[in-house]
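Comments concern the structure below.
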Amino acid sequence: MRKWIILAVLLGGAPAALADERLPPITNEAVKKECGACHMAFQPQFLPQRSWRKMMDGLSDHFGEDASLPEATRLEIAAYLEANAGDVSGSREGRKFVKSIAADQSPMRITEVPRWVGEHRGEVRESAWSDPRVRSKANCVACHRGADSGWYDDD
Amino acid sequence: MTKTFLAAFAVCVLLSAGLAAADTPRDAILTEFLSQAKSADPGFAGFSATRGETLFRGNHAGGKPDTPSCTTCHGAAPQDKGRTRAGKEIDPIAVSAAPKRFTDPAEVEKWFGRNCNSVLGRECSAVEKGDFITFMMGQ
């Protein structure tokens, strides 16, 4: 009996520990192609549904650029992002991100989510962001080499 | 004199070879823009790489403030990779360096649609699109 409890704890506990700072890789081809055209396709778990809804309703001015899509593609991408948002997906890290956001806030930038800010504060010096190899806080892969496939555990 | 003549002749041969090969996807896209340009202006004389270069390099008012020029993201050398404001590399836009450029009509429409709006604050005309592609085909 005790053996089974230990086994259950191991099976249940191990994946949660391994999942720390890892997110499920994106599986939708349209998301990978269209979101990934200008920046890394960010895992939808980083933001809540309400943020993605706002994002996908405002593509004609997407952080200062027109990122409009044909309507069918836009709907497909919006559905995937909302279905995998941090407040509905099972991702542990995603839940931490969303939990750090005030309920009346719908952030558009992952880099303004309190959990993101907290994880980078003190670890990354301010001048690193303007390094030509980094250029933007949106450029996760400049430091997290596996970010594209959901791996952020390398810091 | 003879040299000049030969050079001009060679250019003509190359140009007609280019025109004769109107069966590539890029030529089909250009042909479509040409017919749009001609229906807007029956006297339209043809696309110009020079005008395309001016459009590409120019600083434009009227668009979004972060993207005053095509070169903001594509860089000044079309043969080189560009970089988005988010830091991601962009394939070169010169056809010689990226042979797949301007071969998929849906992608061409999507990117002119977005980027003309971002840089110019309006849609591009068929003449502008044709000029731009013509310039990039020579790069």
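The values are calculated or read from the model by the stated rules, or taken from the named source; none is laboratory data. Model, not experiment: these values are computed from the prediction. No Cβ is skipped: glycine too gets one built from the backbone with ideal geometry, and neighbour counts run over all protein chains shown. Each accessible area value is taken on the protein alone, full model and side chains, heavy atoms only, with ligands, DNA and RNA left out. Shrake-Rupley method; radii C 1.70, N 1.55, O 1.52, S 1.80 Å.
Given a 1.4 Å probe and every protein chain left where it sits, what share in percent of the accessible area of the protein assembly as shown is carbon and sulfur? Accessible surface attributable to carbon and sulfur in the protein assembly as shown totals 60 percent. Accessible surface area normalised per residue over segment B:29-137 is 49 Å², counting heavy atoms of protein chains with a 1.4 Å rolling probe.
For residue B:90, nonlocal amide neighbours, meaning residues 5 or more places apart or on other chains whose placed amide H falls under 5 Å from its own, are B:82, B:83, B:84. Taking the longest Cα principal axis of chain A as reference, the axis of helix A:71-83 is set at about 30 degrees. Tell me, which residues of segment B:108-139 get at least 50 Å² less accessible area when the other protein chains come in, versus the chain alone (1.4 Å probe)? Going by heavy-atom accessible area, the residues of segment B:108-139 that drop by at least 50 Å² are B:110, B:114.
Taken about its Cα centre, the protein assembly as shown carries a charge dipole of about 600 debye when Lys and Arg each add +1 at the Cβ and Asp and Glu each add -1 at the Cβ. Highest mobility in the GNM of chain A, judged by mean-square fluctuation with C-alpha springs under 10 Å and restricted to A:130, A:60, A:106, is found for A:130.
Interface residues of segment B:78-101, defined as those with an accessible-area decrease of at least 50 Å² between the chain by itself and the complete set of protein chains (probe 1.4 Å), are B:83, B:85, B:86, B:88.
Strictly greater than 24 Å: what percent of every Cα pair in segment B:29-137 meets that?
Summing the P(r) of segment B:29-137 above 24 Å gives 19 percent of all pairs.
Compared with its chain on its own, segment A:122-155 contains the following residues whose accessible area drops by 50 Å² or more in the full protein assembly (probe 1.4 Å; ligands, DNA and RNA excluded): A:135. Seen against the Cα atoms of chain A and their longest principal axis, helix A:2-18 is set at about 20 degrees. The residues of segment A:87-129 have, on average, 63 Å² of accessible surface per residue, using a 1.4 Å probe with all protein chains present.
Positive end of the dipole of the protein assembly as shown (Cβ unit charges, origin at the Cα centre): among A:55, A:28, A:149, the Cα lying farthest that way belongs to A:149. Here each label is just a point 7 Å from Cα along the line to Cβ, and for residue A:54 and residue B:50 those points are 5.0 nm apart.
When A:145, A:109 are compared by accessible surface with a 1.4 Å probe, the order from highest to lowest is A:145, A:109. Given the C-alpha centroids of segment B:91-118 and segment A:83-119, what is the distance between them in whole angstrom? Segment B:91-118 and segment A:83-119 have Cα centres spaced 34 Å from each other. Here is how the number arises for chain A: DSSP H runs of 4 or more residues each give -39500 (n - 2.57), the sum is divided by the residue count, and the result at 222 nm is -10000 deg cm²/dmol. Using a ≥ b ≥ c from the Cα gyration tensor of the protein assembly as shown (square roots of the eigenvalues), is it rounded, prolate or oblate, where a/c under 1.5 gives rounded and otherwise the larger of a/b and b/c decides, a/b for prolate? Prolate shape, in that a/c is at least 1.5 and a/b is the bigger ratio. Near residue A:87, once Lys and Arg are set to +1 and Asp and Glu to -1 for all other residues with Cβ below 12 Å from its Cβ, the sum equals +4.
Note on chain A: with a GNM built from Cα contacts shorter than 10 Å, the maximum mean-square fluctuation among A:30, A:41, A:103 falls on A:103. Structure remark: mean-square fluctuation, Gaussian network model of chain A, C-alpha springs under 10 Å; the largest value among A:57, A:87, A:66 belongs to A:66.
Taken across both chains, chains A and B shield about 1600 Å² of accessible surface from a 1.4 Å probe.
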